[in-house]
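Working notes for the structure below.
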Amino acid sequence: MDADASGVAFGVNPVTGNRREKVVSAVYGLGEGLVSGALNADSFVLTGQGIQSNVVAKDRAMMQDHVNGGTVWVDVDEKRREKPSLNDAILRELNTILHQLEKKCGGPQDVEFAVKNDVLYLLQARPVSAVSKEEYTVWDNSNIVESYPGVTTPLTYSFITKMYEAVYRQFVHLLGVPMTTIDKHAHVFANTLGLVRGRVYYNLLSWYKMLAMVPGYSVNAAYMETMMGVKQRFELREDYRMGKQQAWFRIGLMVVKMIRLQMLLPVHRRRFLKHLDHTMQTYLQMNLSAMTLPELKKAYLGFEHTLVTKWKAPLTNDFFAMIWFGILQKLTRSYGISGNPNIHNDLLCGSHDIISTEPIHMAVAIADDIRAKPDAISWFGATSAKEIWDGLQSGRYPEILRAFETYIQKFGDRCVGELKLETVSYTQDPSRLVQVVQSYLANGISGASMRKHTDPELRSRAEDQMNKALSGHPVRKWWFGFVLKRARDLVSNRENLRFERTRGFGMVRRIMHAIGSRMTELDMLASPSDVFYLSLDQVLEACDDPKKKNLKDIISEAKEAFDAYKRQPPPAERFHSYGNDFSDRNIYSEEEEGAAEGDLQGTGCCPGVVKGRVRVVAGPDETHSLNGDILVTSNTDPGWVTLFPTASAILVERGSLLSHSAIVSREMGIPCIVGITGLLRALSTGDVVEMNGREGTVRIISKHGETTA
């Protein structure tokens, strides 16, 4: 055939193995020039979103020689040289044919084709022979962004990766998974997290594989998705799951172990807290600044051993919180409670045993103490936070200094980004806490105003509603009460045990900062904070070799890369990859590029209808007060709580019902919605909205003064 164009089409990307991409290469004329490599070829990537074209200059083509027979090289007309060899209609037809061939032949095909007068001719089809074995992976940071917001440094990432691997190996073993199975799938536990352009993500493939080792995969997966805030199920291939006979045996073993773990959990929690307290006190008494690098390494490894081997109680509590909260949700729906889709939230609020609200009350109490001294109010209102802290340490208002010191001793590590080792905590810089108290003073936040926020009858009204619905059903009522009691206990302790993790990470931060200071003294680093741009292995190796001088080069490269990450827009909340292909086309979803339109929907966490002006805040360091505006942000972590009292309502783009912002807002009685897709694309500071914390809806009333509804 004397073709106008010829080429090869692959039903799968042969380089990455991405089955969502079809790849086409084409030239003018006959295909021999393409196959031999003598000609540059246009390439096209066909995806569900459209066609990505890479058109090259094509000055020659191979054609049939009608005079002498065989083939001959001809020059391509100048007007056609830089135009695509295939039009979109032909490419769409190829895409359809490749899909059909894959279904018929049982796998992706490698197709040779020719085009003559805009008619497509298939010349040959065969299975794709060399597809990359890189695994298809789904990345999601719906929930983990709450713990690791923004860009996270190499030291933090390498540290938490090691922690996740160690503790989850132990956890699935507790549930009855044999060590032989765990060792066989060691790569699963080593890859539960990923760092994509400086942002921490869950590798969902690893998490689902881990769950697949435990019986009851479909139920556990659904509960895990609720806890992690995952909005879309990632279906694990069947060959990852265990057979029925093996599953039934494991179910029996796991049920026995779960009953035992549930019964012993209160004891295990007490032992864990006692052991961690003892370890923390031991390390707090150490003079880290006087230690050598080998001594600091030894101190770190000893503390790491505690984190790795003694963390079973928090993990077990997390697991049962996931299970019992999921059961509570199902029961409230199946028992037909109408008019309140989130009654399970109302039933959990008002427990008064969640430690996360205590820092707020302590900070507000300090503000109230200052208000009792008129001259102190003037000083705090007219002086910088650093000068105030220096003045307090110099003897001014000793009782106020004691209040600050008591706060810092207990909650000095509870700050924004508290699980990131590079974060500067209140312990390291108390003036940051002074700024928080100053904002409370400026905005009239007091113990009395805090009490007005809460609705003490919200929980009792929900209980009355449930009692009415269950009237005449004694068995159901007993079972519901049993589930509710456990869900309340586990969710509260989940939040409280998260604070113990904060304390533990705070000690690691102190040790690493001491290592950075010592390395700076030895001219290994330019600054103590540079240590956070090394991996954990690099830090520990350098402790054994104080003469190592190339660390500065490593750090310089890391800083350059991570500074660039900070300037780039964050990747999508959820995206897919094949192997190590983290190009823009994979990590940025098209749905996030344009502005969202219409009203917004999320997950209601605390009831209440609030109409007001929104304030978009990237991080609490941007402002110390919202002055009653509605807080709009991508995500929060426990360090945000000191900002919550200044907001009339809270809207969060990421998160789940078990997120920190959801739990704390319920306790404080601040209307809150989380998991609002497109929130930051839809709203800007100054927009006016009406939010309904029960229904999870956000109605946009005006944008920049223009009424929309």
Label-point separation, Phe582 to Lys547 (7 Å along Cα→Cβ), nm:
3.6 nm
In percent, what relative contact order does the chain have, based on Cα pairs under 8 Å that are 6 or more apart in sequence?
14 percent
For region 637-709 and region 397-423, compute the distance between their C-alpha centroids and round to whole Å.
27 Å
In debye, nearest 20, what is the charge dipole magnitude of region 355-453 about its Cα centre with +1 on Lys and Arg Cβ and -1 on Asp and Glu Cβ, if you could check?
280 debye
Filter on Lys79/Lys116; Lys310/Lys552; Lys312/Lys485; Lys103/Lys184; Lys209/Lys310; Lys312/Lys552 - keep pairs with C-alpha separation over 28 Å
Lys310/Lys552; Lys103/Lys184; Lys312/Lys552
Would you mind ranking Val255, Val119, Val632 by Cβ crowding within 10 Å, fewest neighbours first?
Val119, Val255, Val632
Based on the mean of other beta carbon atoms within 10 Å per residue, what is the order of 4-13, 484-493, most packed first?
4-13, 484-493
Arranged from highest to lowest average of other beta-carbon atoms within 10 Å per residue, in what order do the peptides 662-670, 323-331 appear?
662-670, 323-331
What number, rounded to the nearest 500 deg cm²/dmol, is the helix-based mean residue ellipticity at 222 nm of the chain, given -39500 (n - 2.57) per DSSP H run of at least four residues and division by all its residues?
-15000 deg cm²/dmol
So which lysines can Lys297 reach, going by Cα to Cα under 17 Å and dropping same-chain residues fewer than 8 places off?
Lys162, Lys547, Lys548
Send over the per residue convex hull volume for the chain, Cα only, as a whole number of Å³.
220 Å³
Of the listed peptides 108-116, 201-209, 298-306, what is their order by residue-averaged count of other C-beta atoms within 10 Å, with the highest listed first?
201-209, 108-116, 298-306
For the chain, the dipole about the Cα centre with charges only on Cβ (Lys and Arg +1, Asp and Glu -1), to the nearest 20 debye, works out at 3000 debye
By the gyration tensor of its Cα atoms, with a ≥ b ≥ c the square roots of the eigenvalues, what is the shape of region 394-525: rounded for a/c under 1.5, prolate for a/b over b/c, or oblate?
oblate
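A short reminder: the numbers here are calculations on the coordinates, not readings from a lab. Model, not experiment: these values are computed from the prediction. Please note: Cβ atoms are built from the backbone with ideal geometry, for glycine as well, and neighbour counts cover all protein chains shown.
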